[in-house]
Amino acid sequence: MRSVSFTVNGVAHELELEPRELLVYVLRERLGLTGTVVGCDTSSCGACTVLLDGESVKACTILGVQADGAAITTIEGLAENGSLHPLQELFHEHHALQCGYCTSGMVLAAVSLLAENPSPTSDEIRHALEGNICRCTGYQNIVDAIEAAAR
């Protein structure tokens, strides 16, 4: 076991983790943050995307011990004062979700993209989302929502 400390959604946590525990399971099972979805366990789908020190990462590719000292944001951490994040609102307004399985990963990948590039082109948005798979909606409404956020 290793002692690890990190901040998740603004809350400090100190945990004893086995070195082999994946961050996605630490978030879901140890901290109860089930908005971080386990999709494929192969890093192909992006449903487990979180922000690690502001960068989007797939939580199934990071060991919990690797997050020691980091600031992590999950989908639960985007809302402020009970209100959805503007990007979450735009996903809703633009019908950029259907079953919702990929949505948290898509939103967090988009938050990271817009932090790095506040005015992305449609092609840049599509490129940034290449690691996130949606099996229901297609991608046009997702791209539309992100373009609206950029405006």
Could you state the number of Å between the C-alpha centres of the range 112-151 and the range 1-49?
25
For the range 2-76, what does the relative contact order come out to in percent, with C-alpha contacts under 8 Å and a separation of six or more?
40
Derived scalar couplings ³J(HN,Hα) [the range 97-103; Karplus, 6.51 cos²θ - 1.76 cosθ + 1.60; whole Hz; x for Gly, Pro]:
8, 10, 6, x, 4, 8, 4
Between Met1 and Gln98, what's the calculated FRET efficiency when r is the beta-carbon distance and R0 is 30 Å? Round to 0.05.
0.15
Roughly speaking, what is the stretch gain from Arg151 to Glu55, that is 0.36 nm per residue apart minus the C-alpha to C-alpha distance, in nm to one decimal?
32.4 nm
Once phi is turned into θ = phi - 60°, what whole-Hz ³J(HN,Hα) does the Karplus curve with 6.51, -1.76 and 1.60 give for every residue of the range 61-75, x standing for Gly and Pro?
10, 10, 6, x, 5, 6, 8, 3, x, 8, 9, 10, 10, 10, 4
Stretchable slack from Ala115 to Glu76, in nm (0.36 nm times residue separation minus alpha-carbon distance):
12.2 nm
Beta bridges by DSSP in the chain, antiparallel share as percent, to the nearest 5:
90
Would the chain count as rounded, prolate or oblate if I go by the C-alpha gyration tensor, calling it rounded below 1.5 in a/c and otherwise prolate when a/b exceeds b/c, oblate otherwise?
prolate
Starting at the first residue of the range 105-120, write each ³J(HN,Hα) from the Karplus equation 6.51 cos²θ - 1.76 cosθ + 1.60 with θ = phi - 60°, in whole Hz, x for Gly and Pro.
x, 5, 4, 5, 5, 5, 4, 5, 4, 5, 5, 7, 9, x, 10, x
Would you mind working out the magnitude of the charge dipole of the chain relative to its Cα centre, with +1 at each Lys and Arg C-beta and -1 at each Asp and Glu C-beta, to the nearest 20 Debye?
280
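Throughout, read-outs are computed from the coordinates displayed, never taken from laboratory work. Computed from a prediction, not measured in an experiment: that's the story for all the values here. Please note: Cβ atoms are built from the backbone with ideal geometry, for glycine as well, and neighbour counts cover all protein chains shown.
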